Amino acid sequence: MKAHDGMYIGGAWRPAAGTDTITVLSPADEQPVGEVPAGTVEDVDAAVRAAREAFPAWAATPPVERGALIGALRDQLVARKDEIAETVTAELGSPLPFSQMVHAGVPILVAGSYAELAATYAFEEKIGNSTVYMEPVGVVGAITPWNYPLHQIVNKVAPALAAGCTVVLKPAEDTPLTAQLFAEAAHEAGIPAGVFNLVTGLGPVAGQALAEHEGVDLVSFTGSTAVGKQIGATAGAAVKRVALELGGKSANVILPSADLTKAVKAGVANVMSNSGQTCSAWTRMLVDSARYDEAVALAAEAAAKYGSRIGPVVNAKQQARVRGYIDKGVEEGARVVAGGSEAPREQGYFVQPTVFADVTPQMTIAQEEIFGPVVSIIRYEDEDEALRIANGTVYGLAGAVWAADDAEAIAFARRMDTGQVDINGGSFNPLAPFGGYKQSGVGRELGPHGLTEYLQTKSLQF
Ligand code: NAD
């Protein structure tokens, strides 16, 4: 895999301030696929300075021109889509067809949506005797996770640039090669020097330095709730804007009138895709008592069919963590009906597609985010109980409701404490706001709502 040995700062690849490096391993065979520099406080400082310097001119660039440059960036991602898919497969381990369709395909859609939004969004409005201007917040520190390496980057960088903000990105240490490819695409697209900057490095070093830097006006973080709380506290102390996209434990609610086979199969597929490493995955399947046994049999059959088709999880630590949760589920009395904690292969960080039956709402596997290919099937007696279970975690990121007709599903979804719900298998919409209720986060990404995160209002009265 191609890897740069420097940081992308101020429009060029520059030598890193320190000599430490991060070795990127393939999760499929545990072999090195590349090496990148581990950024220091000095690298972060240089990148923030470059972003500050570039900010006034970029903020003053007409939105239509910013949109055209984001469109050029989208075209560069299209031109590199095979290389992006191969790179994501190398460092994340996802099967190539999934990398092509989702890891390369979705960011192209999202970048395209912001090229258009920059050009069409009303950055100015009249309210009574006032004119309200929507102005960019300033320099953005973007910190992203490894699970959808390019999607998480584009979700932040595209709206930030559309708003007129400049950006310093600190990507996850497991997937920095995809971030370097993105920097190349931004460079080739002609994004002006300093508008986008990349510092690779470790979370507690480069990530923390970025979150704490006084030259950063807004921190946009996607990752674990534990680190998110810390970043929120740091930003709060400095009275800095902050957006947090955190963990999830979403419910897939199958109401008694629903097509059970369709809902169960879609639910299992949802969790198994990306080896369960999706923050919005429907990891809790809620089924009424009368059809519980049937649902368990269908889910076990669906999971067994995945067999070795799913990729590994990202690293040894995640593999141990997921296997630990499977053991914990057994210890607490849940019943494994597919998969189990035994590693299916000697090499690579693989975990078996696993389904648990007889899961009760308070078990650890029903409360905590596992971030692996594990589905928990929970029984409910009536709709009120289903709602209590669905809302009974600290999270509220996503979910699904299945019923004979949309109206019934909508009525249930409106009572759920969660930011996004798919009704009867509704498909992904790159313009719909995505983000959490409760401890799943603060702020929204995607579409016009994602753009407003990077804007602040100024009202002029006449
Ligand atoms: P993580 O919190 O360990 O790391 C995320 C990013 O934060 C990485 O770039 C990491 O280097 C950095 N980081 C770590 N410690 C830091 C610190 N002290 N200061 C600043 N930055 C630091 O999370 P992860 O394991 O990479 O990702 C998995 C988590 O992300 C899961 O909990 C998942 O639910 C969540 N996630 C949420 C969403 C969402 O949109 N809500 C999307 C994807 C993933």
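The values are calculated or read from the model by the stated rules, or taken from the named source; none is laboratory data. Everything quoted here is computed from the prediction, not taken from an experiment. FYI the Cβ positions are ideal-geometry reconstructions off the backbone, even for glycines, and counts take in every protein chain you see. To get the accessible areas, we keep the full protein, side chains included, count just its heavy atoms, and leave off ligands, DNA and RNA. Shrake-Rupley method; radii C 1.70, N 1.55, O 1.52, S 1.80 Å.
State the antiparallel share, in %, of DSSP beta bridges confined to the chain, rounding to the nearest 5. That works out to approximately 45 percent antiparallel. Residue-wise HN-Hα couplings along segment 287-304, as the Karplus relation 6.51 cos²θ - 1.76 cosθ + 1.60 with θ = phi - 60° gives them from phi, are 10, 5, 3, 4, 10, 4, 5, 5, 4, 4, 5, 5, 5, 4, 5, 5, 5, 4 Hz; Gly and Pro carry x. Rounded to the nearest angstrom and listed largest first, the equivalent-ellipsoid semi-axes of segment 251-429 from its Cα gyration tensor are 26, 16, 15. Rolling a 1.4 Å probe across all protein chains gives GLU83 an accessible area of roughly 70 Å². Placing unit charges on the Cβ atoms only, positive for Lys and Arg and negative for Asp and Glu, gives segment 251-429 a dipole magnitude near 740 debye about its Cα centre. Surface composition of segment 243-362: carbon plus sulfur atoms contribute 49% of the solvent-accessible area (1.4 Å probe, protein chains only, all chains present). The residue list VAL337, ALA403, ASN424 was ranked by how far each Cα lies along the charge dipole of segment 313-447 toward its positive end, using unit charges on Cβ atoms, and VAL337 comes out on top. Averaging Cα coordinates gives a centre for segment 220-245 and one for segment 12-60; these two points are 21 Å apart. Distances between placed amide hydrogens fall under 5 Å for GLY311 paired with SER275, all partners being 5 or more residues away or on another chain. Temperature 10 °C, viscosity 1.306 mPa s: under these conditions the Stokes-Einstein estimate for segment 1-114, based on its Kirkwood radius over C-alpha pairs, is 97 µm² per second. Protein-only accessible surface at a 1.4 angstrom probe places the residues THR234, THR354 in the order THR234, THR354, largest first. Basic side chains Lys and Arg get +1 at the Cβ, acidic Asp and Glu get -1 at the Cβ, and with that the dipole of the chain about its Cα centre reaches some 420 debye. In percent, rounded to a whole number, the relative contact order of the chain is 18, using alpha-carbon pairs under 8 Å and six or more apart. Here the average projected area of the convex hull drawn through the C-alpha atoms of segment 147-245 stands at 6.0 nm². Close amide H pairs (under 5 Å, H built 1.01 Å from N) link ALA172 with THR144, residues at least 5 positions away or on another chain. Taking all protein chains into account, the per residue accessible area for the chain stands at 39 Å² (1.4 Å probe). Normalised by the number of residues in segment 253-403, the mean separation of alpha-carbon contacts (under 8 Å, six or more apart) gives a relative contact order of 33 percent. If you take the Cα centroid of segment 271-306 and the Cα centroid of segment 333-355, the two points sit 14 Å apart.
Each stretch of four or more DSSP H residues adds -39500 (n - 2.57); spread over every residue of the chain, this sum gives -12500 deg cm²/dmol at 222 nm. Qualifying GluC sites (Glu not before Pro) in segment 177-221, where qualification requires a DSSP coil assignment and no more than 10 other C-beta atoms within 10 Å, comprise GLU214.
Amide H contacts under 5 Å for ILE22: VAL36, ALA38, restricted to partners 5 or more places along the chain or on a different chain, H placed in the peptide plane at 1.01 Å from N.
Largest accessible area first, the listed residues ARG415, ARG49 line up as ARG49, ARG415 when surface is computed with a 1.4 Å probe on the assembled protein chains. The trypsin sites (Lys or Arg not before Pro) of segment 322-397 meeting both criteria, a DSSP state outside H, G, I, E and B (loop) and at most 16 other C-beta atoms within 10 angstrom of the site's C-beta, are ARG345. Its residue count N sets the reference 2.2 N^0.38 Å, and the alpha-carbon radius of gyration of segment 349-462 equals 1.32 times that reference. Rg and Dmax of the chain, based on Cα coordinates, read 22.2, 72 Å.
Put the Cα centre of segment 117-190 next to the Cα centre of segment 370-387 and the gap is 36 Å.
Taken about its Cα centre, segment 128-216 carries a charge dipole of about 120 debye when Lys and Arg each add +1 at the Cβ and Asp and Glu each add -1 at the Cβ.
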